[in-house]
Amino acid sequence: MSTPMRRREFLSASAALAGAALLPRAVFAQQKAPLFDISIAQWSLHKAFFAKQADPMDFAKIAKEEYGIEAVEYVNQFYKDKKADDAAMKELKKRADDVGVKSVLIMCDGEGALGDADEKKRQQAVENHYRWIEWAKFLGCHSIRVNAQSSGTYWEQVARAADGLRKLSEFGATHNIGVIVENHGGLSSNGAWLAEVMRKVNHPGCGTLPDFGNFRVIGQKIQYDRYQGVADLMPFAKGVSAKSHDFDDAGNEIHTDYRKMLPLVLSFGYRGYVGIEYEGSKLSEPEGIKATKKLLETVRAELA
């Protein structure tokens, strides 16, 4: 037989229930994390920045206030003249912090071939990236994105690129910064080749940044299959680049089937940032960014 509830216990329980009734319903609903977060690559606005229609130092503010995006991927080309400037680096961080935007990575180009056939030039290319690793660490990024540029035969390029990437990854590890490679022309746009390079590098700090659209191997008329390429690179992925160019009337990217590509990305257990990188010309940069963001959000909601 149950014991009668005492008056004090009854009043206490009643008060708790009454208070709970006043709480928002969301408190009781289990919060489900999104399948992936959305970031934006600075290259999506490269025309505006090169034309000096916008200040690269304001990239975080632009991302947040104009597009509602709270994570950014910088491009080193817009800060090359400030590479050695600590004050500029600190100001860039301050502006991102002021608007509550996360710095995700720095895309690095023009610093030499990490797979150069000349060992001295290869080593110089490695060292040319050191400062960007320091920037990435200070800004709060997880990685720098580099290129696996090389020359020679297929297997010579595997060995040369792996050597440069391994050396840079070892330096990156001293700063807890990853070194990630994008399929970005040459043999790096061959998913099988870049995956082989990753296996040869064999360093936990070295990974990939699969790009949905950069699978045209220079010198070859036939493009490497983008879905196969992403599948080749996802086992090593520390980031993902949602390349976009053109959209149909329904808002779908006409070159990449996002409803096929995003489930493929997620099937590897990836739950990090998917970066918008609009590179089209039919839509303006702002329109293209918004179209890509809407498509990512739509497909993410369908998959949830």
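No value in this document is a laboratory result; all are computed from the given coordinates. All values derive from a computational prediction rather than experimental measurement. Every residue, glycine among them, receives a Cβ derived from its backbone with ideal geometry; neighbour counts consider all protein chains shown.
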**Prompt:** Stretched out fully, how many nm does the piece from residue 202 to residue 284 gain, at 0.36 nm a residue minus the Cα gap?
**Reply:** 25.4 nm
**Message:** With an 8 Å Cα cut-off and a minimum separation of 6 or more residues, compute the relative contact order for the range 33-303 in percent.
**Reply:** 18
**Item:** For the chain: rounded, prolate or oblate by the Cα gyration tensor [a/c cutoff 1.5]
**Value:** prolate
**Fill in**
Relative contact order of the range 114-162 (C-alpha contacts under 8 Å, at least 6 apart) in percent is 53
**Complete:** At R0 = 30 Å the Cβ-Cβ FRET efficiency linking residue 260 and residue 48, nearest 0.05, sits at 0.45
**Request:** Express in whole angstrom the spacing between the alpha-carbon centres of the range 115-172 and the range 230-304.
**Result:** 27
**Message:** 5 Å is the cut-off here: which amide hydrogens, built 1.01 Å from N in the peptide plane, fall below it relative to residue 211, excluding neighbours closer than 5 in sequence?
**Reply:** 183, 241
**Fill in**
Under 25 Å between C-alpha atoms, the lysine pairs in the range 144-257 lying 8 or more places apart or on different chains count 4
**Request:** Just check the range 201-257 against the gyration tensor rule for me: Cα atoms, a ≥ b ≥ c as the square roots of the eigenvalues, rounded for a/c under 1.5, and otherwise prolate or oblate depending on whether a/b exceeds b/c.
**Result:** oblate
**Prompt:** In what sequence do 50, 247 fall when counting other Cβ within 10 Å, fewest first?
**Reply:** 50, 247
**Fill in**
Rounded to the nearest 0.05, FRET efficiency between residue 118 and residue 248 (Cβ-Cβ, R0 41 Å) equals 0.30
**Asked** Using 0.36 nm per residue, how much length does the chain from residue 127 to residue 153 gain when fully extended, once their Cα-Cα distance is taken away?
**Response** 6.9 nm
**Message:** Quick check on the exposure proxy: order 296, 266 from fewest to most C-beta atoms within 10 angstrom.
**Reply:** 266, 296
**Complete:** Ranked from fewest to most other Cβ atoms within 10 Å of their own Cβ, 141, 206 fall in the order 141, 206
**Asked** In nanometres, what is the gap between the two model label sites at residue 222 and residue 86, each 7 Å from Cα along Cα-to-Cβ?
**Response** 5.5
